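First comes the structure, then the notes that go with it.
The values are calculated or read from the model by the stated rules, or taken from the named source; none is laboratory data. Just so we're clear, the structure is a prediction, and the values are computed from it rather than from any experiment. Cβ placement follows ideal geometry from the backbone for every residue including glycine, while neighbour counts extend to all protein chains displayed. Only protein heavy atoms, including side chains, enter the accessible area calculation; ligands, DNA and RNA are left aside. Shrake-Rupley method; radii C 1.70, N 1.55, O 1.52, S 1.80 Å.
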Amino acid sequence: QVQVVESGGGLVQAGGSLRLSCAASGSIFSIDAMGWYRQAPGKQRELVATLTGGLRTAYADSVEVRFTISRDNANNTVYLQMNSLKPENTDVYYCNADLLLRGKSRVYRYWGQGTQVTVSS
């Protein structure tokens, strides 16, 4: 059984900061990549930031410079530090983990339940 659990969302004023955390647990052999996506009601989920096992990062243009993704490999945890938040950053943020499980030969993608980020003006 694999779990991907996010935390750290909440309400913040424009210009403020939040730090999201996402921990993957279960029968994990290795992590291929972890990342963050956002989704508004009725819209497609879109990439915010990803971090591969080789520590390559990718960011949406709108958040590069303001957001930083990092990983704690020992604890299978990924973080998203969000600075200088704007009202347009308001959304539900989802964590994903691309995992190679013990006894398996391919990578599977798992999603967390989402955490709400609300930025007030």
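Some notes on this structure:
- Dipole moment magnitude, nearest 20 debye, the chain about Cα centre, only Lys, Arg, Asp, Glu C-beta charged: 260 debye
- Residue among Gln44, Gln13, Gln81 with the largest mean-square fluctuation in a Gaussian network model of the chain, springs linking Cα atoms under 10 Å: Gln44
- Extreme residue, positive dipole direction of the chain, given options Tyr94, Tyr110, Leu18 (C-beta unit charges): Tyr110
- Here the accessible area is traced with a 1.4 Å probe on the protein chains. For the stretch 1-82, carbon and sulfur cover 46 percent of it.
- A 1.4 Å probe run over the chain, with the rest of the protein chains in place, finds 54 Å² accessible per residue.
- Positive minus negative residues near Leu80 (Lys, Arg vs Asp, Glu; Cβ under 13 Å): 0
- When its C-alpha radius of gyration is set against 2.2 N^0.38 Å (N residues), the chain gives a value of 1.04.
- Selection from Met34, Val65, Val48, by position along the positive dipole direction of the chain (Cβ): Met34
- For the chain, the relative contact order comes to 36 percent (Cα pairs under 8 Å, sequence separation of at least 6).
- Packing here is the average count of other Cβ atoms within 10 Å per residue, and on that basis the peptides 63-70, 1-8, highest first, run 63-70, 1-8.
- Just checking the listed ones, Gly35, Gly53, Gly26: in the Gaussian network model of the chain with Cα springs under 10 Å, the one fluctuating most is Gly26.
- Percent of C-alpha pairs per 5 Å bin, the stretch 10-62, short to long: 4, 13, 18, 24, 21, 11, 7, 2
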